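*Asks:* Structure provided below as structure tokens; questions to follow.
The values are calculated or read from the model by the stated rules, or taken from the named source; none is laboratory data. As the structure is a computational prediction, the values presented were derived from the model and not from experiment. In this analysis, Cβ positions are derived from the backbone assuming ideal geometry, glycine residues included, and neighbour counts consider all displayed protein chains.
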Amino acid sequence: MRRHGLRLATTVALLGALLTLGAPASTQAGTAALKGKFEEVKEPSTHQPGKVKLTEFADFYCPHCHRFEQEAVPILEKEFGKSLEVTMVGFPVMPGKLPTAFEMYEQAKTMGKGNEMKRVLFRTIHKDKTHLLDRVIRESLIREVGLDVKTFEEGLASGKPLKAVDLGKEWGMKVNVQQTPTVLLDGNIKIETIDPDNLRVVIRSILDADKKK
């Protein structure tokens, strides 16, 4: 009896150790308190206490992305203020479109005018319905956001903006982006239900969880 009891105790202890080692305890604890519709992806979290980083995978030619930028982003920025950092990653999905808009956005980012160029590009494509390949129009957009045309064009010609676009596409494929816009919060919380109400709920639950730590 004593031997049998000893063996049983040893077996239970070993099983407990294996379960402890095998369980992703920290990952589960990180999202257990979150609310709303989201999917956790197997990527490291970039979360910093008191702040949420929202990355939007978007296509400049996608009407849903334009609407998200026009309607959802301002609502979220107004509500969360400095607690929310919003950035866009170009993720081309619309067929038959050249990467010019995405390259212009990437070049503007390197010159400190990414958000300004993003707004101008969405407006030009969806409201003005103007062709970006026209050099005169492109130069007018560059000037509109306050950048030097010669420096900007040299940056485009270097090929670096196109490489940045490719890196963005690789990132999107890595986290299995299936549609645009898709939102990634803090590097590992993917949201495809991107209506402002759902995003509000998820972001608020992240910030509330920080307060409880």
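*Asks:* Kindly indicate which of Leu34, Leu54 is outside any strand (DSSP E or B) and either aliphatic (A, V, I, L, M) or at pLDDT below 50 (or both).
*Replies:* Leu34
*Asks:* In the set Leu121, Leu132, which member is closer than 20 Å to Ala58 by Cβ, of a type outside the set (Val, Ile, Thr), more than 18 Å from the chain's Cα centre (by Cα) and not in a helix (DSSP H, G or I)?
*Replies:* Of Leu121, Leu132, the one residue that is closer than 20 Å to Ala58 by Cβ, of a type outside the set (Val, Ile, Thr), more than 18 Å from the chain's Cα centre (by Cα) and not in a helix (DSSP H, G or I) is Leu132.
Residues checked against (1) among the charged types (D, E, K, R); (2) more than 26 Å from Val120 (Cα to Cα); (3) surrounded by 17 or more Cβ atoms within 10 Å (Cβ to Cβ); (4) out of contact with any Phe, Trp or Tyr (no Cβ under 7 Å at 6 or more places or on another chain):
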{"position": "Gly146", "(1), (2), (3), (4)": "no, no, no, yes"}
{"position": "Glu154", "(1), (2), (3), (4)": "yes, no, no, yes"}
{"position": "Gly172", "(1), (2), (3), (4)": "no, no, yes, no"}
{"position": "Thr182", "(1), (2), (3), (4)": "no, no, yes, no"}
{"position": "Glu192", "(1), (2), (3), (4)": "yes, no, no, yes"}
{"position": "Asn198", "(1), (2), (3), (4)": "no, yes, yes, yes"}
{"position": "Ile206", "(1), (2), (3), (4)": "no, yes, yes, yes"}
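*Asks:* Being among the hydrophobic types (A, V, I, L, M, F, W, C) and modelled with pLDDT of 95 or more narrows it down to one residue among Leu121, Leu98, Leu132; which is it? Even if it seems obvious, please write down each step before you answer.
*Replies:* Values: Leu98 fails: modelled with pLDDT of 95 or more; Leu132 fails: modelled with pLDDT of 95 or more.
Sole residue among the options that is among the hydrophobic types (A, V, I, L, M, F, W, C) and modelled with pLDDT of 95 or more: Leu121.
*Asks:* Among the residues of the range 161-189, count how many are farther than 22 Å from His64 by Cβ and in a loop (DSSP other than H, G, I, E, B).
*Replies:* 3
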